[in-house]
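Engineer: Quick one: the structure is below, and I'll ask about it shortly.
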Amino acid sequence: MTDEEFMHQALIQAKKARDLGEVPIGAVIVLNGRILATGCNSVITNCDPTAHAEIQAIRQASKIISNYRLIETELFVTVEPCVMCAGAIIHSRIKRIVFGASEHRTGGISSVYSVLQDGILNHTTQVTSGILEAECRQLMQDFFKQRREEQKIQREKIKQITRKSTDG
Ligand SMILES: [Zn+2]
């Protein structure tokens, strides 16, 4: 399978997150050209601020191969990992990461920090970015647009209720 095909699988995970009401980010971990584990962002569902898609996939992959090192694996994720996930990528010794859209506010790979490639740590991870970028970005933009609209409707409802109660 190509990078695009694996990223497509990560996008399926991202849509799973969206359908749970989570920020739509998905990940898959690949070993020897096959998908070993998947993860979708589940922070709200799990009441767990560390339940990012990458962490979910790393936990599952480690369990499956009964090893806390994920040497020789590749991580595909729809959005640039944050600093926490970049740290987890280092701890798990993932060989290569591939992400779709850059995250200009929190990205820990190239946008805000370069945790994996600043040359300070011994382990370096190969990085590829921009795979299916438009699709990954669109999914995020649609999600936040819809959420803003829902919040607006909610505010209007509250306004109407308070108006009614002061009229009566
Ligand atoms: Zn993260």
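Values in this text are rule-based calculations from the coordinates and carry no lab data. Values in this document were obtained by computation on a predicted structure and should not be read as measured data. FYI the Cβ positions are ideal-geometry reconstructions off the backbone, even for glycines, and counts take in every protein chain you see.
Engineer: Let me check I have the definition right: for the range 44-92, take the eigenvalues of the Cα gyration tensor, multiply each by 5, take square roots. What are those semi-axes in whole Å, largest first?
Structural biologist: 18, 13, 9
Engineer: Oh, and also: How much FRET efficiency would the formula 1/(1 + (r/R0)^6) give for S110 and I65, where r is the Cβ-Cβ distance and R0 is 22 Å, rounded to 0.05?
Structural biologist: Efficiency, from the Cβ-Cβ distance: 0.20.
Engineer: Same structure again: Within the chain, what percent of beta bridges assigned by DSSP are antiparallel, to the nearest 5?
Structural biologist: Antiparallel bridges make up about 55 percent of those DSSP assigns within the chain.
Engineer: Can you order the peptides 143-155, 101-113, 74-86 by their average number of other Cβ atoms within 10 Å per residue, highest first? Working shown, then result.
Structural biologist: Values: 143-155: 11.0, 101-113: 16.8, 74-86: 25.2.
Ranked by mean Cβ neighbours within 10 Å, highest first: 74-86, 101-113, 143-155.
Engineer: Skipping prolines and chain starts, which residues have an amide H placed within reach, meaning under 5 Å, of the one on I97, given they are 5 or more residues away or on another chain?
Structural biologist: L75, Q126, V127, T128
Engineer: Right, another one. Nearest 10 degrees, 0 to 90: what angle lies between the long axis of helix 3-19 and the longest principal axis of the chain (Cα atoms)?
Structural biologist: Long axis of 3-19 versus the principal axis of the chain: about 30 degrees.
Engineer: With the convex hull built on the Cα atoms of the range 76-165, state its orientation-averaged projected area in nm².
Structural biologist: 7.4
Engineer: Could you please report the charge total around F99, scoring K, R as +1 and D, E as -1 over all other residues with beta-carbon less than 10 angstrom from its beta-carbon? Mind showing how you got there, number by number?
Structural biologist: Numbers: positive: none; negative: E54, E80, E103, E133.
Result for the local shell: -4.
Engineer: As I understand it, the value is the acute angle between the Cα axis of helix 133-167 and the longest principal axis of the Cα atoms of the chain; what does it come to in degrees, rounded to 10?
Structural biologist: Result, in degrees: 20.
Engineer: Please identify which residues in the range 104-129 have an amide N closer than 11 Å to a label point set 7 Å out from the Cα of F144, following the Cα→Cβ vector.
Structural biologist: 104-106
Engineer: How big is the charge dipole of the range 1-59 about its Cα centre, in debye rounded to the nearest 20, if each Lys and Arg gets +1 on its Cβ and each Asp and Glu gets -1 on its Cβ?
Structural biologist: Here the size comes out at about 140 debye.
Engineer: Now for a different question. In angstroms, what radius of gyration and Dmax does the chain have, counting Cα atoms only?
Structural biologist: Gyration radius and largest Cα-Cα distance of the chain: 18.4, 69 Å.
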